[in-house]
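Contents: one structure, followed by commentary.
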Amino acid sequence: MASGFGPLVLPPKQAQEARILRKSVLQHFQDLPDPRLDRTKHHPLMSVITIALLEILSGADGFVGIEAYGKGKQSWLETFIDLPNGIPSHDTFGRVFGALCPEALEERFLSWITSITENLQINLIHIDGKTTRGSYDREKKLKALHTVSAWSSEHGLVLAQQKVEGKTNEIKAVPLILKLLNLNGAVITLDAMGTQLDIVHQIKAGGGDYVIGLKGNQGKLNQGIRDWFQAAETQGWRGISFSADETINGGHHRIERRQVIAVAIDPLPPLHRQSQWSGLTTVIRIRSTRQLWNKTTQEDRFYISSLLPEAARHNRVIRSHWSVENSLHWVLDVTFNEDSSRIRQGHAAQNLNLVRRLSVNLLKREPSKASLKMKRYKAGLDNDFLMKILAASTHEVSAH
């Protein structure tokens, strides 16, 4: 069968599993263009993609692992997946994923994400980049693959990804990923790399708001805000209206105090190119004081925002941005071993990155409370649980 979803007549249990596949996220990949020549199509494209997704969900980290898992489960897989020539070899998986058009794969990913988020309220979108360090190849002069992701901390979902071209950086990738998102009513957070006039304008034009970090790439604006806060503090904040919030957290022999001050820009002296920052209403200082057993450190960080000057809200929004590191990037490296992946053939690294992010979404949507690592382990042992993960890809998501 061209669909890759096995024979027409199946026993009841296998028929149910085939129905789950057809109704799951995989339905959005049915029309994916096959880049292979007809004479090399020994395995249906959907069979290759389906096995890869199932085995990555089950614990495989690369094409050798995908082949090994596939052969171990072949008697089960061939009951509902079309496998005219058995399980593809790891070289075949590598060639297919290396040849697949990344934009076409990402388009189908976005189609699925749109289908499950259209009824969700997406209030926060965090945009951040990650490097797959193992994809670097000195001999072939290949730079490490860098991918920018859009992350919903409320729902634990990757909303989109965008590859950063070798000779560019995140500044050029961020506008592309913003075009893929529904910004209306959402607050977009970025680190200092996103502090660009065009990016801020694009967010506001899309109906969104922003909270963006400041560093040296906007030196005059950053220094102007830093100097203003220092002067205001020196004079004891006399005659200045501001909002303040403070949180104290302890653990691992460390106490951290976060003091947040948000100030409306209206009473401030004119900032560098202030009128050009679309929607700018608020500047924020976060002072982090970390007390260790043998020393105390202090760091000030500054942000610009289009939200009202409410310190408590900004504290929550800025803290939530770091979930992209803890709940996505850390998971990809520790649970999926992405950082150590040495896959480099064609588009294979980029395409496999997308499948990993798809897998993160599916695992987080499965409602049990186990860790993602344990869910992968269980999926490798229990075919019914693996089907449960896929079945969850069509259900509504509750906020995390």
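The values are calculated or read from the model by the stated rules, or taken from the named source; none is laboratory data. The shown structure was predicted, so the numbers you read here are calculated from the model rather than taken from an experiment. Please note: Cβ atoms are built from the backbone with ideal geometry, for glycine as well, and neighbour counts cover all protein chains shown. Note: accessible area is taken over every heavy atom of the protein model, side chains too, but ligands, DNA and RNA are not part of it. Shrake-Rupley method; radii C 1.70, N 1.55, O 1.52, S 1.80 Å.
Exactly one residue among 232, 244, 312, 262 is touching a strand residue (DSSP E or B) at 6+ places or on another chain (Cβ under 7 Å), part of a helix (DSSP H, G or I) and farther than 16 Å from residue 195 by Cβ, and that residue is 312.
I want to confirm something. Restricting to region 180-201 and keeping residues that are part of a helix (DSSP H, G or I) and in contact with a Gly (Cβ under 9 Å, 6 or more places away or on another chain), which single residue is farthest from residue 322 (Cα to Cα)? So the residue we want is 201. Listed by first and then second residue, the pairs linking a residue in region 234-253 that is of a type in the set (Asp, Glu) to a residue that is in a strand (DSSP E or B) and at pLDDT 90 or above, with Cβ atoms under 6 Å apart and 6 or more places separating them unless they lie on different chains, are 245/260; 246/259. The helices (runs of 4 or more DSSP H) found entirely in region 339-400 that carry 1 or more residues being over 21 Å from the mean Cα position of the chain (by Cα) and within 17 Å of residue 116 (Cα to Cα) are 383-391. Filtering region 199-219 to residues that are open to solvent by 50 Å² or more (accessible area, probe 1.4 Å) and either modelled with pLDDT of 95 or more or of a type in the set (A, V, I, L, M) (or both) leaves 201, 204, 205. Does residue 338 count as under 27 Å from residue 164 (Cα atoms), buried (at least 18 other Cβ atoms within 10 Å of the Cβ) and at pLDDT below 95? For residue 338, the condition - under 27 Å from residue 164 (Cα atoms), buried (at least 18 other Cβ atoms within 10 Å of the Cβ) and at pLDDT below 95 - is met.
Within region 241-262, if we keep just the residues that are β-branched (Val, Ile, Thr) and modelled with pLDDT of 95 or more, the residue that is most open to solvent (accessible area, probe 1.4 Å) turns out to be 261. The residue that is farthest from the chain's Cα centre (by Cα), counting only those in region 239-260 that are farther than 14 Å from residue 312 by Cα and among the hydrophobic types (A, V, I, L, M, F, W, C), is 240. Of the residues making up region 57-107, those that are outside any helix (DSSP H, G or I) and not β-branched (Val, Ile, Thr) number 17.
For region 41-75, a tally of residues being free of Cβ contacts under 8 Å to residues at least 24 places away in the same chain and acidic (Asp, Glu) returns 1.
Of the residues making up region 282-303, at least one is buried (at least 16 other Cβ atoms within 10 Å of the Cβ), in contact with a Pro (Cβ under 6 Å, 6 or more places away or on another chain) and not basic (Lys, Arg). Selection of region 66-86 for residues being farther than 19 Å from residue 30 by Cβ, open to solvent by 20 Å² or more (accessible area, probe 1.4 Å) and in contact with a helix residue (DSSP H, G or I) (Cβ under 7 Å, 6 or more places away or on another chain) yields 67, 69, 76, 79.
Scanning region 220-238 for residues that are open to solvent by 90 Å² or more (accessible area, probe 1.4 Å), more than 18 Å from residue 288 (Cβ to Cβ) and more than 35 Å from the chain's Cα centre (by Cα) yields 234, 238.
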